[in-house]
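Peer 1: Could you have a look at this structure, given as structure tokens, before my questions?
Please treat every number below as a calculation from the coordinates, not as lab data. Just so it is clear, the model here is predicted, and its values are computed rather than measured. Note that we place each Cβ from the backbone using ideal geometry, even for glycine, and neighbour counts take in every protein chain shown.
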Amino acid sequence: MNFEMKKHYQPQKVEKKIYSFWEKNGFLKPKKSKAKPFSILMPPPNANAPLHIGHAVFVTLEDILIRFYRMRGRPTLWLPGFDHAGFETQVVYDKKQKPDKNLSREQLYKDIWNFTQKNRKIAREQLKRLGASADWSREKFTLDKDIVKIVLDTFKKLYKDNLIYQGNRIINWCPYHQTSLSDLEVTHQEVEGKLYYIKYPFTNGKNYIVIATTRPETMLADTAVAVNPRDKRYKKLIGRKVVLPLVGREIPIIEDMAVDINFGTGVLKITPAHDPVDFEIGERHKLPLIQVIDKKGRISLDPQLITSKPDLKELDELPVSQARKIIVKILKEKGFLEKEEPYRHTISVCYKCKTPIEPLVSKQWFLKIRPLAKKAIEVVEKDKIRFYPKRYKKIFLNWMRNIHDWNISRQIVWGIRIPIFYCQKCKKIIVSEKKPKKCPDCGSKNLIPETDVFDTWFSSGQWPFAALGYPNGKDFNTFYPTSVMETGWDILFFWVARMIMLSLYRTKKIPFYNVLLHGLVRDKDRQKMSKSKGNVIDPLGVVKDYGADALRMALVFGTSTGSDIIISEEKIRAQRNFANKVWNASRFVFKNIGRDFNPKKIKPKLTKEDRWILKELKKTEKKITKAIENYRFHEAAEEIYHFFWHRFCDKTIEDCKKRLIDNDRETPKWVLWQVLYRSLKLLHPFMPFITEEIYQRLPARPKKALIVEKWEKG
RNA sequence: GGGCUCGUAGCUCAGUUGGUCAGAGCGUUGCGCUUACAUCGCAAAGGUCAGCCGUUCGAGUCGGCUCGAGCCCACCA
């Protein structure tokens, strides 16, 4: 067959070859030019697992933009990287590698390091297979020395600016993973629980008040009972005292506006050490903290209390869920339980293991985020940063306006260690990445390091300027702020919000102009993809069977920007068929124009049909250009699909078939060449491999490669 | 408790600022191997654009309400 083109396009045979052709020729690096730069930082995939379909989505969308702007002649940078992904990776690592529990901290860190580097290599190759035209010479890792240095500098600066504090505050504790979590790492789950009504007698022994609670076991740590000052029923009681049942401790009745008059009995028991609301109320009223639940999520009683109240002994060391049953039993026996009602409510659970979160008071590092949030709100309100789809602006602002201080410390090994040393002698806190020779205050050499590491989002929140080499890097000066931040909406708060805040703080500039958010990938029954459901589509498997081009096209076809992406094998197959159509139309054209065809040597005498298709082509170029500029990828994809298949193939090629045996054979050849050539360009951002492969066979191709061809705006 | 999104052909979805759209892909049915392609071509069937009311000369496209589906945030014990 002419030009050695087989009847069916075989992506497996060309994709790898084409990719290395691009890479070897330096086409993936930004070219020098005076035009305005275009840049995207790749959301660094976690270096702990192979790529999933979600990664294929970002590769597709970002690569479309990158290829589009590269062809438009802008110095275009797509900077790839990988994330050490602290807690996430440690969880994956524990599950997969089942490390020896006796490993030293250093050895464990080293093992996880090797684990991530292995995965990073795999993921990098996979990104290439998907066609990601990123500049690999600039690849970064979130634990690269220069990145870590910037992250630590940011911490130091925040510390200096009094935006960091270490506090004994109530935090979300995961009893399973043995670490604190930020508010975002906690999800809420509805459960069928019970509301227990417990009698708290007054100190004079006459009468009692009743409180309603879902967590009776925490009563052991109550240090007050609160009512709303506006509650007429209880107003008179404020200032009196009650005796804590079972424990016998006298605790005051206080007033606080946070108490909801209409809930339960309108009386709230206050357990500052084990409930976030109570903690705040406790702070307002300077209530003591009594801890009865430990980090394993078990009851842990003061030995003295057990001695004085032997009835409580059986509770000691019980997990809270069991302790709840026992304490209810005891309360019932002793007549303190008025009643219990079924009650549906939500509890907080660890987003990874779904273990109920134990609110505990613990020493952690916090970032006062409000001042940073304020600036972020400003730039978004003023549309200095735009969101696509627009609705995310509101969502973003709403979250930003209600932000709480951020617990940035994690009690895990894998991550960037918080650069703090404690002087054991004078208790001074020293900010330093390396162990100082001695304490600057008392001169003691007895210094021990902080073992907590940063929340991984604290470092990835600095990705935009860190990866580009802030403050003096050439790339930072050229490409920052970046043009577009494209990522999934599920990490809008985790990542996008933090990037905006931390970048503004460090660089005084926005990190990017546009935020483009894509949705979740679902199967054809709208089900979320998950291993347990067995409906996952492995992107690399698809690449192997149908080619990366078909997968990419299927991911944008028929899904509007930002909404969930429905994908199915049928859809991918349809796009594989389209690829084949492109292949065969090209075969037809090549066969008819011949190897030595040169359009420049021809003066075409255009027919009505010719003028029609050229006009359609121009219209298509215009529409696609506009659609991509506005992130309406599905419109662009569908436009080129229909133009190529139903106008070029169905009409023009059929028309030319007749004319190629006519007197004027040169005009149809010219038209076929022209339309094919320009169609390849239009299609290239979506289906880079097949279009490049065909381009390489195109007679009289103007450039060495399609990837660096000039885009036609129409 | 606050907020968001969605209900358009059998299925999954498009329909930028209201006036050529009632559409695409897959599926279905009937014919076709014609200078590429059966991973194809030609033709066909199908929806009162969830329901009701309103704004308008005119509404899937704007406003209100109802019903139904999904999601996010949240310190109601």
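Peer 1: Once every Cα of the stretch A:111-262 carries one equal point scatterer and solvent is ignored, give the base-10 log of I(q)/I(0) from the Debye formula at q = 0.11, 0.15, 0.18, 0.20 Å⁻¹, two decimals.
Peer 2: So the normalised log intensities work out to -0.75, -1.02, -1.24, -1.32.
Peer 1: Moving on. Which of the lysines could be linked to A:Lys605 by a straight reach, that is with a Cα gap under 20 Å, when you skip same-chain ones fewer than 8 residues away?
Peer 2: Correct list for A:Lys605: A:Lys615, A:Lys618, A:Lys651, A:Lys657, A:Lys658, A:Lys669.
Peer 1: Apply the Karplus parameterisation 6.51 cos²θ - 1.76 cosθ + 1.60, with θ equal to phi minus 60°, to every residue of the stretch A:443-459 and state each ³J(HN,Hα) to the nearest whole Hz, in sequence, with x for glycine and proline.
Peer 2: With the stated coefficients, the stretch A:443-459 comes to x, 5, 9, 8, 10, 10, x, 5, 9, 5, 10, 6, 3, 4, 6, 5, 7 Hz.
Peer 1: Sequence-distant or interchain residues sharing an amide H contact under 5 Å with A:Lys194, placed H: which?
Peer 2: Correct list: A:Tyr343.
Peer 1: Restricting to chain A, compute how many DSSP beta bridges are antiparallel as a %, nearest 5.
Peer 2: Percentage antiparallel, nearest 5: 70.
Peer 1: P(r) for the stretch A:527-616, please, calculated from all Cα pair distances in 5 Å bins and given in %.
Peer 2: P(r) over the stretch A:527-616, rounded to whole percents: 3, 11, 13, 15, 15, 10, 10, 9, 7, 4, 2, 1, 0.
Peer 1: Could you work out how far helix A:105-129 tilts from the main Cα principal axis of chain A, as a 0 to 90 degree angle to the nearest 10?
Peer 2: 30
Peer 1: Can I ask one more? Chain A: D in µm²/s via Stokes-Einstein (Kirkwood Rh, Cα pairs, 10 °C, 1.306 mPa s)?
Peer 2: This corresponds to a translational diffusion coefficient of 54 µm²/s.
Peer 1: Anything over 32 Å Cα to Cα? Flag those among A:Lys101/A:Lys352; A:Lys140/A:Lys425; A:Lys31/A:Lys626; A:Lys16/A:Lys681; A:Lys6/A:Lys710, in the order listed.
Peer 2: A:Lys140/A:Lys425
Peer 1: Along the charge dipole of the stretch A:394-481, pointing to its positive end and built from +1/-1 on Cβ of Lys, Arg, Asp and Glu, which listed residue (A:Tyr470, A:Asn407, A:Asn446) has its Cα farthest out?
Peer 2: Among A:Tyr470, A:Asn407, A:Asn446, the one farthest towards the positive end of the dipole of the stretch A:394-481 is A:Asn446.
Peer 1: Just need the Rg to Rh number for the stretch A:416-533, please, alpha carbons only, Kirkwood Rh.
Peer 2: 1.18
Peer 1: I've got another one for you. Volume per residue, Å³, of the convex hull around the alpha-carbon atoms of the stretch A:180-230?
Peer 2: So the per-residue hull volume is 165 Å³.
Peer 1: Sticking with this structure for a sec: Output ³J(HN,Hα) for the stretch A:697-714: one whole-Hz value per residue in order, computed from phi by the Karplus curve 6.51 cos²θ - 1.76 cosθ + 1.60 with θ = phi - 60°, and x for Gly and Pro.
Peer 2: Here the 3J(HN,Hα) series is 9, 6, x, 6, 5, x, 10, 5, 8, 5, 4, 10, 5, 8, 6, 9, 7, x Hz.
Peer 1: I need the fraction of alpha carbon pairs in the stretch A:474-578 separated by more than 16 Å, rounded to a whole percent.
Peer 2: Tail fraction, whole percent: 66.
Peer 1: List the trypsin sites (Lys or Arg not before Pro) in the stretch A:507-614 that DSSP assigns to loop (not H, G, I, E or B) and whose Cβ has at most 16 other Cβ atoms within 10 Å. Which are they?
Peer 2: For trypsin sites (Lys or Arg not before Pro) across the stretch A:507-614 that sit outside H, G, I, E and B with at most 16 neighbouring Cβ atoms in 10 Å, the list reads A:Lys508, A:Lys509, A:Lys524, A:Arg526, A:Lys531, A:Lys533, A:Arg595, A:Lys605.
Peer 1: Let me ask another. In terms of Cα to Cα distance under 18 Å, which aspartates and glutamates are near enough to A:Lys619, apart from those fewer than 8 places away along the same chain?
Peer 2: A:Glu609, A:Asp610, A:Glu629, A:Glu635, A:Glu638, A:Glu639, A:Asp650, A:Glu712
Peer 1: In nm, to one decimal, how far is the modelled label at A:Asn402 from the one at A:Lys32, with both set 7 Å along Cα→Cβ?
Peer 2: Reported label-point gap for A:Asn402 and A:Lys32 is 5.3 nm.
Peer 1: In nm, to one decimal, how far is the A:Arg344 label point from the A:Trp645 one, both placed 7 Å along Cα→Cβ?
Peer 2: 4.6
Peer 1: Quick query: amide H of A:Ile209 versus all other amide H atoms, modeled in the peptide plane; which residues come in under 5 Å with a sequence gap of 5 or more or a different chain?
Peer 2: Counting only residues 5 or more places away or on other chains, the set is A:Tyr200, A:Phe202.
Peer 1: Sticking with this one: Step through the residues of the stretch A:238-246 one at a time and calculate ³J(HN,Hα) from phi using the Karplus curve (6.51 cos²θ - 1.76 cosθ + 1.60, θ = phi - 60°), rounding each to whole Hz and writing x for Gly and Pro.
Peer 2: 4, x, 6, 10, 10, 9, 5, x, 6
Peer 1: Quick check: convex hull of the Cα atoms in the stretch A:622-714, volume per residue, rounded to a whole Å³?
Peer 2: In the stretch A:622-714, the Cα convex hull volume per residue is 96 Å³.
Peer 1: Which far-off residues, 5 or more places away or on another chain, put their amide H under 5 Å from the one on A:Arg249, with H placed in the peptide plane?
Peer 2: Here A:Leu244 satisfy the definition.
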